[in-house]
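Read the structure below first, then the notes.
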Amino acid sequence: MSIKEIYSGESKSAEFVRFCIVGVIATALDAGIFYLVRLFAPYQVALVSGYCLSLIVNYLLTIYWTFKKKPSTGNLFGVIAAHMFNLFVVRMSLMWIFVNIMEIPDRIAYIPTLLISMVTNFLVVRFAVNKTEEKKTKTK
C-alpha cells in the first residue's frame, strides 16, 4: 500500500492504517498526559485527564481524515459516546482488574490497558460513525 493510498484511499485497509496513525498520535498525547498527571494525582484522574484531552485531537482527525466524513452533531455525539464507553467501561475496568486484582502497578497496567482499548476503540468508533451516516442517508 502506497503513501497516497493510505492518505486518500477509500479501502477498509487504508481506513484502518489511517486509524492506526491517528491512534498513535492520540496515544502519545494520552500517555504523556497520563504519566505527567500521575506524578501528582491518582491513576483514575490521570487516566481520565489524558483520555479526554486526546479525545479532541482524536475526534477531529478521525472524522476528517480516517473516515473522511464531515463533522456533525450526530457523529460528535456518537464518537463521544463511543469514547466514553471505551474510557469508563473498557479502560477503567481493565485498570481496576490489573491494579486491584492482579496487583500490577498502575504505571505498568496502563500499557496493556491501552493496547486492548485500542482495538475496542476502533470497533466502537467505527460503528458509531457509520451508524450516524446510515441515519443521515435514510432521512434524505
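Some notes on this structure:
- Helical runs (DSSP H, four residues minimum) scored at -39500 (n - 2.57) apiece and divided by the length of the chain put the mean residue ellipticity at 222 nm at -25000 deg cm²/dmol.
- Dipole magnitude for the chain: computed about the Cα centre from +1 point charges on Lys and Arg Cβ and -1 point charges on Asp and Glu Cβ, it is near 620 debye.
- Here, the chain has an Rg and a Dmax of 16.0, 53 Å when only alpha carbons are counted.
- Our summary gives the chain a relative contact order of 21 percent, counting only alpha carbon pairs under 8 angstrom and 6 or more residues apart.
- Axis of helix 73-85 versus longest Cα principal axis of the chain: the two differ by about 30°, to the nearest ten degrees.
- Applying a DSSP loop filter and a limit of 14 other Cβ atoms within 10 Å to the GluC sites (Glu not before Pro) in the range 1-54 leaves 10.
- Dipole of the chain, positive end: most advanced residue of 97, 87, 77 [Cβ charges, Cα centre]: 77
- Computed with a 1.4 Å probe on the full set of protein chains, the accessible area for residue 8 sits at about 50 Å².
- Lysine pairs within the chain, Cα separation less than 18 Å, 8 or more sequence positions apart or different chains: 19
The values are calculated or read from the model by the stated rules, or taken from the named source; none is laboratory data. Quick caveat: nothing in here was measured; it's all calculated off a predicted structure. Cβ sites come from the backbone with ideal geometry, for glycine too, and all protein chains shown count toward neighbours. Protein only, heavy atoms only, side chains kept; ligands, DNA and RNA dropped before computing areas. Shrake-Rupley method; radii C 1.70, N 1.55, O 1.52, S 1.80 Å.
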